[in-house]
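Written out below as structure tokens is the structure these notes cover.
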Amino acid sequence: WDNADFSRGVGTTFYQEFSTLNTAKPPFIRDVEAKVRRYLRSSYSAAWTLKITWEKAPVHAARTDTRKTITYQAVLTTDGFRSYILMLYQDGGMQWDYTRLASTNVLIGYT
């Protein structure tokens, strides 16, 4: 695990909320629903979704190197009864030098 450091003005965080109860669903929401259905093998229809994107986030401490960044997303979604989170990482986008971390058992995501 490691922390992003936005203190040097490198990288950006965006978020977008989707309230889809009784409204037409944009392609992004249909994709989220399809992922939940595929991974969990159950029916799912999102009522609310929040997409958070960390773009070109530098590793902590950014004062050492702001060129190695990572772009990733967390997508929180619920149908009002069940809630899920998708952790999405840019393909080939892990630029942090994990060999410089104190721990050698590095994971991307959560456990």
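The values are calculated or read from the model by the stated rules, or taken from the named source; none is laboratory data. Since the structure is predicted, the reported quantities are computational estimates derived from the model, not experimental observations. All Cβ positions, even for glycine, are placed from backbone atoms using ideal geometry, and neighbour counts span all protein chains on display. Just the protein is used for accessible areas: all its heavy atoms, side chains included, with ligands, DNA and RNA removed. Shrake-Rupley method; radii C 1.70, N 1.55, O 1.52, S 1.80 Å.
Across the stretch 1-30, what is the number of residues that are hydroxyl-bearing (Ser, Thr, Tyr) and closer than 10 Å to Ala47 by Cα? Write out each step before concluding.
So in the stretch 1-30, the residues hydroxyl-bearing (Ser, Thr, Tyr) come out as 7, 12-13, 15, 19-20, 23.
Among the residues that remain, those that are also closer than 10 Å to Ala47 by Cα are: 19-20, 23.
Qualifying residue count for the region: 3.
Filtering the stretch 29-47 down to residues that are assigned to a loop (DSSP other than H, G, I, E, B) and hydroxyl-bearing (Ser, Thr, Tyr), which residue is most open to solvent (accessible area, probe 1.4 Å)? If you could, list the steps in order and put the result at the bottom.
Taking the stretch 29-47 as the starting set, the residues that turn out to be assigned to a loop (DSSP other than H, G, I, E, B) are 41-47.
Going one step further and asking which of them are hydroxyl-bearing (Ser, Thr, Tyr), we end up with 42-45.
On the way: Ser42: 38, Ser43: 88, Tyr44: 7, Ser45: 65 Å².
So the residue we want is Ser43.
If you take the residues in the stretch 8-22 that are closer than 14 Å to Asp79 by Cβ and assigned to a loop (DSSP other than H, G, I, E, B), which one is modelled with the highest pLDDT? Explain how you work it out, then say what you get.
Restricting attention to the stretch 8-22, the residues satisfying the condition of being closer than 14 Å to Asp79 by Cβ are 18-22.
Remaining after also requiring assigned to a loop (DSSP other than H, G, I, E, B): 20-22.
Numbers: Thr20: 87, Leu21: 76, Asn22: 76.
Applying the filter and picking the extreme gives Thr20.
Looking only at the stretch 29-46, count every residue that is closer than 30 Å to Trp96 by Cα, in contact (Cβ under 8 Å) with a residue 12 or more places away in the chain and not hydrophobic (A, V, I, L, M, F, W, C) and tell me the total.
Adding up the residues that qualify gives 1.
Looking only at the stretch 48-70, count how many residues are open to solvent by less than 20 Å² (accessible area, probe 1.4 Å) and closer than 21 Å to Lys25 by Cβ.
Looking only at the stretch 48-70, we keep the residues that are open to solvent by less than 20 Å² (accessible area, probe 1.4 Å), and these are 49, 57-58, 61-62, 70.
Narrowing further to those that are closer than 21 Å to Lys25 by Cβ: 49.
So the answer is 1.
Give the stretch 35-85 a look and list any residue that's under 17 Å from the mean Cα position of the chain (by Cα) and among the small types (Gly, Ala, Ser), or say none.
Step one: filter the stretch 35-85 for residues under 17 Å from the mean Cα position of the chain (by Cα), giving 35-36, 39, 48-59, 69-78, 83-85.
The answer is Ala57, Ala74, Ser83.
Out of the residues in the stretch 1-28 that are in contact (Cβ under 8 Å) with a residue 24 or more places away in the chain and either aliphatic (A, V, I, L, M) or touching a Gly at 6+ places or on another chain (Cβ under 7 Å) (or both), state the one that is most open to solvent (accessible area, probe 1.4 Å). Give the derivation first.
Our first condition is that a residue be in contact (Cβ under 8 Å) with a residue 24 or more places away in the chain; within the stretch 1-28, this holds for 1-8, 10-21.
The next check asks that each one be either aliphatic (A, V, I, L, M) or touching a Gly at 6+ places or on another chain (Cβ under 7 Å) (or both); those that pass are 4, 10, 21.
On the way: Ala4: 36, Val10: 41, Leu21: 114 Å².
Among those that are in contact (Cβ under 8 Å) with a residue 24 or more places away in the chain and either aliphatic (A, V, I, L, M) or touching a Gly at 6+ places or on another chain (Cβ under 7 Å) (or both), it is Leu21.
Is it true that some residue in the stretch 71-93 is part of a loop (DSSP other than H, G, I, E, B), at pLDDT below 70 and either open to solvent by 30 Å² or more (accessible area, probe 1.4 Å) or not aromatic (Phe, Trp, Tyr) (or both)? Write out each step before concluding.
Residues of the stretch 71-93 that are part of a loop (DSSP other than H, G, I, E, B), as a first pass: 79-82, 90-93.
Still in the list and also at pLDDT below 70: 93.
Keeping just the survivors that are either open to solvent by 30 Å² or more (accessible area, probe 1.4 Å) or not aromatic (Phe, Trp, Tyr) (or both) gives 93.
Yes, there is a match, as at least one residue in the stretch 71-93 is part of a loop (DSSP other than H, G, I, E, B), at pLDDT below 70 and either open to solvent by 30 Å² or more (accessible area, probe 1.4 Å) or not aromatic (Phe, Trp, Tyr) (or both).
For the stretch 48-70, enumerate the residues that are among the hydrophobic types (A, V, I, L, M, F, W, C), out of contact with any Lys or Arg (no Cβ under 8 Å at 6 or more places or on another chain) and not in a strand (DSSP E or B).
Once the filter is applied, which keeps residues that are among the hydrophobic types (A, V, I, L, M, F, W, C), out of contact with any Lys or Arg (no Cβ under 8 Å at 6 or more places or on another chain) and not in a strand (DSSP E or B), the stretch 48-70 yields only Ala61.
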